[in-house]
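Read the figures in this text as sums done on the coordinates, not as results from a lab. Here the structure is a predicted model, which means the values were calculated and not measured. So basically every Cβ, Gly included, is an ideal-geometry build from the backbone, and we count neighbours across all protein chains shown.
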Amino acid sequence: MSQLQTRFFTENKKYSVDDVPFSIPAASEVQDLSSVINKLLEAKNGSHSQVEFDFLVRGQFLRTSLASHMEAESISTEDVVEIEYVERFTAPQPEECMMHDDWISSVEADSEWILTGSYDKTARIWSLEGKAVMTVAGHTDVVKDVAWVKRENLLNKLKARHCCRGHAGSVDTIATNPTRTKFCSGSWDKMLKIWSAVATEEDEELEEQPNRPRKKQKTEQLGLTRTPLMTLSGHNEAVSSVLWLDGEEVCSASWDHTIRVWDAETGELKTTLTGSKVFNQLSYSPLCQRLASGSTDRHVRLWDPRSKDGSLVLLSLTSHNGWVTAVKWAPSHEHQLVSGSLDNVVKLWDVRSCKAPLYDVSAHEDKVLCVDWTDSGLLLSGGADNKLYTYRYTACESDAGA
Amino acid sequence: MPTVNLEIQKKGTMSKAKEKSAKKRVAEEDDDQFPIFDKDIAEKENLEDEDDLSDSDESVFSGLEDSGSDSEEDGEGDEDGDDEDEDCAIISDEILKNDTVAETSAKPTATVKNTSKHQDEKLESAGKKNIKKGKGIVMEDGGEKGLTTTFQGLTTTLPADEYDQDTSDEEDVRNTVGNIPMEWYQDYPHIGYDLDGKKIFKPIRNKDELDEFLDKMENPDYWRTVHDKTTASDIRLSDEQVDLVHRLQKGQFGDASFNEYEPSVDFFTNEVMIHPVTNRPQDKRSFIPSLIEKQKVSKMVHAIKMGWIKPRKPKETTPQYYDLWAKEDPNAILGRHKMHVPAPKMRLPGHEESYNPPPEYLLTEEERLAWEQQDPEDRKLPFLPQKHSCLRAVPAFSRFIHERFERCLDLYLCPRQRKMRVNVNPEDLIPKLPKPKDLQPFPTTMSLVYRGHTSLVRSISASPTGQWLVSGSDDCTVRFWEVNTGRCLKTLEVGGAVKGVAWNPNPAVCLVAVCFESTVLLLNPALGDRLVVGATDQLITSYEPPEEDKEQAVTWALSEGPEHDKGHRLTLTHPKGVKQVVWHGKGDYLSSVMPDNTSNLQVLIHQVSKRRTQNPFRKNKGLVQCVSFHPLRPYFFVATQRCVRVYNLIKQELTKKLTANCKWISSMAIHPGGDNLICGSYDCRLAWFDLDLSTKPYKMLRHHKKALRGVAYHKHYPLFASGADDGSVIVCHGMVYNDLLQNPLIVPVKVLRGHQITHDLGVLDVTFHPTQPWVFSSGADATIRLFT
């Protein structure tokens, strides 16, 4: 078997080629195929510039030679092989390194600002360029998680609006709902609490200010203490991660090895997904409607939160050598996710090639504790080496258009 | 007696020959009958007295002129014959025949010629004697020559006649009547008829009693004369015949020349030779083609020629198969396979059976003697190993028959009863332990390393929620760690190397007991809920000193100022160095251990809320190693070097004394159920006690290579772990069943390595995470490691 009948297709109109079968050598690898496509495109369009492509055979990335891949996947070589090609996701380029005073426990970025929580009991706001904009002080203990509620009109003046009291253990995770009117917190006291994120009337003069919906300084604003709207109890151990699936559903992961989906309106438990290890972090992608979990073993696991029958692991991505402490789906790509681990490595995954990650980013010198993406093409990771790295990635727009 | 008959007939022919010659001498040619007739006459006379045989000879030769001389000669010959008997039978025979010499001249000559010279000489002398003694009628010349010439002169045609007479046919014709009673011819002068129909007359026998007597007196041959009834003639027996008669009468062989005592030929030599060979001459038949075979072959050849024998049909090449067991019932109890008794196996020959065994198999002289003296039953070997230079020199095995016989006996006497042997697979004897894979979860890999200490970490303790961990080290610090990130949250300097830390097990109280030097310090780490932290402080400050101040073994001091801000709450100053602190499950009582072999003040129990201290023991029972509270009941465990004592704190009495069977107990842990206990010891053993079962260890595990330093039970999972100086933590599955009949199941599941051995110390303490199947270990390499 030296030649294979193949047919190339792509979702991207820009790079589409004629739908005719080609006979190509079976031993050819990604590079060879890429050059074939480039030749075809050049022939079709004289102004075409060289583009690196990646190839998918039946939804799996081609990583070895075509023949061995087909043998491994037991695909018949008799038929015409349908090969999809996408523009290659280029390696993320390191951009900035933001030094903190202590470990970075959490990060959340939007198109303009980066909010980080640190073990030095402060939260910081950075610009995307890596400039420290603001420091949010007020906590008496380490900041474990951060989330944006509002970010219009960021001023230099910053003030704690509310102190949300109610948890009897350290609060490890918070998440705001998509409309940013509520947020949910998970704590070591095994509870989930849903709070209102809407500023109250008496705070109207400060309404425009960004808000840190966390336990706030009690010293000056004792009167602004808030109580939870709702308490969701059901977990047997500490809640390690919480997120909103949509406006009505809250999903939480816990040390009791379960992922639970709650109805945020009624407070009912809707689904329980049972794993075998303590969960560290969850992430949900509305694009592919899947949950990714990082747990206290080496695997990133994908879950379907809609499945009713409990423990169903769709896929597990194994490459890390330590606990997976952070996972995050790409905001604009349905197949990509990033994970950080105690083995100091951030890995960029495409779920279509679950055997090996797309890229390993080993910039950190200590444990990676948090990762995030922005829509604007930035990848962020922070860890125990007090550094927040940002990386620029490209090529997701072209694919995301699909 | 056929021989005798023959001889007699011979006699007859001889006498006939004599008669013939006599007749010729007389004149007429054709008178054949006369001599016969004469004989007949003699016979006739003899018929009257048949017994008197001696006459017949007389009568026969009576008509002959030279009969007298003949008889004399005979007599002489007889004597000669007697002399020469030993030499040769033939000679005597010839001499016996000498009486007929007159007629048969040629034969004697021939015979005499054959004899040796010595005999010739004897004959000559005999002849001379005859001349001297004889009546001098016939012969002047001595010797044979003289004899022959005389006879030649008498009868010229004698040789031809002799050949005529020699045919044996005519001799038989003498008796023509056959085998009939001869009395029938008694009254007739003849007996039978000849071919011409003429009567054959009996010899004339006209002897009367007187003649008979005279004959008896005078005739020296009378004794050897017999009467032949068939011819009615008297026959004088020759010496040879007489001899034969004598021999037969003695029961000897008729043939004198037959040697009944032939020298025997030995088929087998009398010498003992190593090879059994015979000297037996080969049979004649082995040289001669078998006649019978030849006949058979010729028959077959004939049969083949005639087409009676057909050539054999060629054999069928396709093999035929028969299902022998087609009809066998496979379920039959007496089925072939079920009742099959295999023959007892023979021992295979060993080196000692070799023809050239290695020298160590050869018996020495003493051994050989011992072997010979042994009873054959007791002998180790039934034979003596022997060395031969080559295989060819090996003799036949003398015990072969014996051995075959014994083998046959073995087979024959083999018991046919089936003994159901229990085939025990050695693996079945090992208790069936479940596979570690099935006993998950248990810690398998090292996940986190808590770094920060600068010296060996003696003791660790996890918070009741499992969120934090406290560790005490020889670098005089106590550190608080966040479990899931490995973050050191707090570091507290204390005034000495920390020997033990213990987190209060009550989740509503946030207190950590730390012991260093002779101080027990109660710390409030201020971790966790603010309310809990505040409640703890409240609990401590709410103490009201009692009215009368009792003298206590330790001094309680409330920390204030900067120490309070650091977290110090209460300081208990002990009189001696404190090695261990341990909380009661409710979190109010605290026990401290001051190992000291010389006093009874080794264990103290403190009550935090009332700041009271008591010494529960009045007597010193040995160096106390560690103590522990029962998780549920008011029991108190005190481990000394060799044993563990269980005290009832309410009744204030000793409940049980457990003997650990090890030399020096280092650590102890109580199962959360309270009925089981493990002890680690410095002699590498881990003893599991089932308190309901016995005071002896239910199981001893010796899986560590070096001294155990710490043991721990998991609160919820059926796990226990032990850390040792070899740097490893061994996690075992230790399932305790509620069923009292079922013993605990103990399976070592994992060896966890990671700690470096520093100053010959490895792992110093182990503790489990309170909720997860994770184990922490602190080591001499100043690290704490989390295995998940």
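So here's what we get for this one:
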| read-out | value |
| --- | --- |
| Cβ crowding within 10 Å averaged over residues, with B:489-502, B:402-415, B:452-465, A:59-72 ranked highest first | B:452-465, B:489-502, A:59-72, B:402-415 |
| Rounded Å value of the spacing that divides the Cα centres of the range B:174-246 and the range A:88-112 | 167 |
| For the range A:1-72, projected area of the alpha-carbon convex hull averaged over all directions, nm² | 4.7 |
| Sum of side-chain charges, B:ALA782 neighbourhood, beta-carbon under 9 Å (Lys, Arg +1; Asp, Glu -1) | -2 |
| Under Karplus coefficients 6.51, -1.76 and 1.60, residue-wise ³J(HN,Hα) of the range B:594-604 in Hz, glycine/proline x | 10, x, 7, 7, 9, 10, 8, 8, 10, 10, 10 |
| Net length gained if the chain between B:GLU427 and B:HIS703 were fully extended (0.36 nm per residue, minus Cα distance) | 97.3 nm |
| Normalised alpha carbon radius of gyration of the range B:396-465 [divisor 2.2 N^0.38 Å] | 3.03 |
| Gyration tensor verdict on the range B:445-510 (Cα atoms; rounded if a/c is under 1.5, prolate if a/b is larger than b/c, oblate otherwise) | oblate |
| In Hz, Karplus ³J(HN,Hα) per residue of the range B:222-227 (6.51, -1.76, 1.60; θ = phi - 60°; x = Gly, Pro) | 4, 5, 10, 9, 10, 9 |
| Convex hull projection area averaged over all views, the range B:209-273, Cα basis, nm² | 7.6 |
| Amide H contacts of B:THR783 (H built 1.01 Å from N, under 5 Å, at least 5 apart or other chain) | B:VAL457 |
| Global geometry of the range A:59-151, whether rounded, prolate or oblate, following the gyration tensor of its Cα atoms and the 1.5 cut on a/c | prolate |
| Radius, Kirkwood style, for the range B:563-685 when every pair of distinct Cα atoms is counted (Å) | 15.1 |
| Long-range tail of P(r) for the range A:219-326 (Cα pairs > 25 Å, %) | 24 |
| Part-to-part distance (alpha-carbon centres) for the range B:618-671 and the range A:35-54, which is given in Å | 82 |
| From phi via Karplus (6.51, -1.76, 1.60), per-residue ³J(HN,Hα) for the range B:482-488 in Hz, x at Gly/Pro | 8, 5, 7, 10, x, 7, 7 |
| For A:CYS251, distant residues with modelled amide H under 5 Å away | A:LEU243, A:TRP244, A:LEU245, A:TRP262 |
| Entries of A:LYS144/B:LYS566; B:LYS610/B:LYS706; B:LYS579/B:LYS651; A:LYS14/A:LYS270 with Cα pairs more than 32 Å apart | B:LYS610/B:LYS706; A:LYS14/A:LYS270 |
| Added length on full extension, which subtracts the Cα-Cα distance from 0.36 nm per residue, B:ARG407 to B:MET346 | 21.1 nm |
| D (Stokes-Einstein, µm²/s), Kirkwood Cα radius, the range A:257-378, 1.002 mPa s at 20 °C | 147 |
| Geometric extent, Cα atoms of the range B:608-749 - Rg, Dmax (angstrom) | 15.0, 45 |
| Cα-based Rg / Dmax (Å) for the range A:1-137 | 22.6, 67 |
| Tensor-based shape of the range B:694-753 (alpha-carbon gyration tensor, a/c under 1.5 rounded, otherwise prolate or oblate) | prolate |
| Under-5 Å amide H pairs with B:LEU511, H placed in peptide plane, nonlocal only | B:ASN504 |
| The range B:435-495 versus the range B:547-581: alpha-carbon centroid distance in Å | 26 |
| Cα-based Kirkwood hydrodynamic radius, chain A, one decimal, Å | 22.6 |
| Taking N as its residue count, the alpha carbon Rg of the range A:87-141 over 2.2 N^0.38 Å | 1.30 |
| Coordinate range along principal axes, alpha carbons of the range B:454-568, Å, largest first | 49, 32, 25 |
